[in-house]
Amino acid sequence: MENVRIRGRRGTLHFIRFPTSEVGAFLQLARSKGMADLVNTIYATGGGAYKFEEDFIKEVNMRLAKLDELDALIAGVLFVDAMNSQECYYWAPPDEVPVHQHPADSPPYSEAALSLYVRKPFDFSRPYPFLLVNIGSGVSMLVVNAPTDYYRVSGTSLGGGTFLGLCCLLTGCSSFEEAISLAASGDNTTVDKLVRDIYGGDYARFGLPADLVASSFGQMSTAERRAKVSREDLARATLVTITNNIGSIARLCASNENIERVVFCGNFLRVNPLSMKLLSYAMSYWSRGALKALFLEHEGYFGAVGCLLHLDMKQKNESLSRHGTPPTGEPGHADR
Ligand SMILES: Nc1ncnc2c1ncn2[C@@H]1O[C@H](COP(=O)(O)OP(=O)(O)OP(=O)(O)O)[C@@H](O)[C@H]1O
Ligand SMILES: CC(C)(CO)[C@@H](O)C(=O)NCCC(=O)O
């Protein structure tokens, strides 16, 4: 991300990621490159900041300054959105006709229709209140009323980790990228039981369209169906199941809290336009156009940015209490 001002300096933020299972390799690299000669403190957030604290001290003699993951997440989201005019976007059909107003003969949730969804920029400069749905390995849902006024309203353990774990079990795949690519070419209707499979068409009285999933994995109870199903279809059904469940909980939370904008983030959405389109459809359809699903370009990096900002704040506060003035642009002395 270019042209970012932090700690009195302007520059480009570079993001890298690696799974926490690789922390050992990172520590080895840090040691071999003499990283501890340059820095003595790393700002860190999430469970890993606690879990790996001892390893950092023991292996590279570096201290972890720990920040709460949800504080850091929100600070990061607000900062990155303010810095990058293209950060926030949504997905919609090209005609922008609300999905619940589409004629019954052209269902906007069909494969063909979803593939037409296009990404459009959203002006998030007046964000409050919003529901922030962070889809990591588990899912946290936060009502955000102001930069430091928020609460965790709900969560679910059925998240990105569940998708990946179940996909590995069901398809034998071994990476998130592989799971997503299988899902992209699969068909969940061979796995799930649809309203059509139960009613022969729509259940019109309660607005349940024929193509809606009535029972996730509902077809898999018969041996005949199981014999015919492909890995791709299983991956697709897993993706649709997890995504729709998150969408459903998010929608209930948003309506309960009288919130119209639901911002989804977290690495589950990485290289995963299908889930974003499904969430967009679900939010709009089930709220009859009242809710809007929003997404963020730097989906999984906000916690890290929140940490960096905390360092900036800390330095400003230290400088104010020492000299009565903000810092001049030199890095802080307490932490390197
Ligand atoms: N390269 C990848 N390897 C593994 N998982 C990935 C990858 N890219 C995206 N994902 C998805 O991102 C999820 C993790 O998301 P994220 O990194 O945002 O969460 P987290 O901070 O680890 O979650 P939690 O705080 O719940 O433990 C994985 O469960 C998986 O669905
Ligand atoms: C435990 C955390 C907060 C760790 O990031 C996350 O994985 C989560 O919100 N899990 C869902 C827990 C629940 O609300 O059921």
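The values are calculated or read from the model by the stated rules, or taken from the named source; none is laboratory data. Quick caveat: nothing in here was measured; it's all calculated off a predicted structure. Neighbour counts are summed over all protein chains in view; Cβ atoms, including those assigned to glycine, are modelled from backbone coordinates with ideal geometry. Only protein heavy atoms, including side chains, enter the accessible area calculation; ligands, DNA and RNA are left aside. Shrake-Rupley method; radii C 1.70, N 1.55, O 1.52, S 1.80 Å.
Structure data summary
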| read-out | value |
| --- | --- |
| Selection count, the range 192-229, where residues are among the hydroxyl-bearing types (Ser, Thr, Tyr) and out of contact with any Asp or Glu (no Cβ under 8 Å at 6 or more places or on another chain) | 4 |
| Flag if Pro209 is surrounded by fewer than 20 Cβ atoms within 10 Å (Cβ to Cβ) and under 20 Å from Trp91 (Cα atoms) | no |
| Extreme residue, most open to solvent (accessible area, probe 1.4 Å), among residues of the range 252-280 that are over 17 Å from Thr156 (Cα atoms) and within 10 Å of ligand 1 (Cβ to nearest atom) | Val271 |
| Candidates Leu114, Leu38, Leu67, Leu73 - the one that is farther than 22 Å from Arg270 by Cβ and touching a helix residue (DSSP H, G or I) at 6+ places or on another chain (Cβ under 6 Å) | Leu67 |
| Of all residues in the range 57-70 being in a helix (DSSP H, G or I) and charged (D, E, K, R), the one that is nearest to ligand 1 (Cβ to nearest atom) | Glu69 |
| Pairs where the first residue, in the range 12-23, is away from ligand 2 (no atom under 16 Å from the Cβ) and the second is open to solvent by 90 Å² or more (accessible area, probe 1.4 Å) and in a loop (DSSP other than H, G, I, E, B), C-beta under 9 Å, 6+ apart | Thr12/Glu2; Thr12/Asn3; Leu13/Glu2 |
| Qualifying residue in the range 158-170 (condition: more than 13 Å from ligand 1 (Cβ to nearest atom) and under 21 Å from Cys88 (Cα atoms)) | no |
| Unique match (being closer than 30 Å to Asp81 by Cβ and either touching a residue at least 12 places away in the same chain (Cβ under 8 Å) or of a type in the set (Val, Ile, Thr) (or both)) among Val195, Val191, Val144 | Val144 |
| Test: residue in the range 187-199 that is modelled with pLDDT of 95 or more and on the phi > 0 side of the Ramachandran plot | no |
| Residue within the range 172-180 that is farther than 30 Å from His100 by Cα, charged (D, E, K, R), within 23 Å of the chain's Cα centre (by Cα) and open to solvent by less than 70 Å² (accessible area, probe 1.4 Å) present | yes |
| Residue match in the range 182-191 (condition: open to solvent by 60 Å² or more (accessible area, probe 1.4 Å) and within 11 Å of ligand 1 (Cβ to nearest atom)) | no |
| Residue list for the range 171-201, filter: among the polar types (S, T, N, Q), part of a loop (DSSP other than H, G, I, E, B) and under 11 Å from Arg231 (Cβ atoms) | Ser185 |
| Residues satisfying the stated conditions in the range 25-56, i.e. assigned to a strand (DSSP E or B) and away from ligand 1 (no atom under 15 Å from the Cβ) | Thr41, Ile42, Tyr43 |
| Inter-residue pairs, beta-carbon under 9 Å, first closer than 20 Å to Ser115 by Cβ and in the range 257-273, second within 16 Å of ligand 2 (Cβ to nearest atom) and open to solvent by 50 Å² or more (accessible area, probe 1.4 Å), 6+ apart | Arg270/Arg17 |
| Residue tally, condition in contact with a helix residue (DSSP H, G or I) (Cβ under 7 Å, 6 or more places away or on another chain), away from ligand 1 (no atom under 16 Å from the Cβ) and open to solvent by 30 Å² or more (accessible area, probe 1.4 Å), over the range 120-148 | 1 |
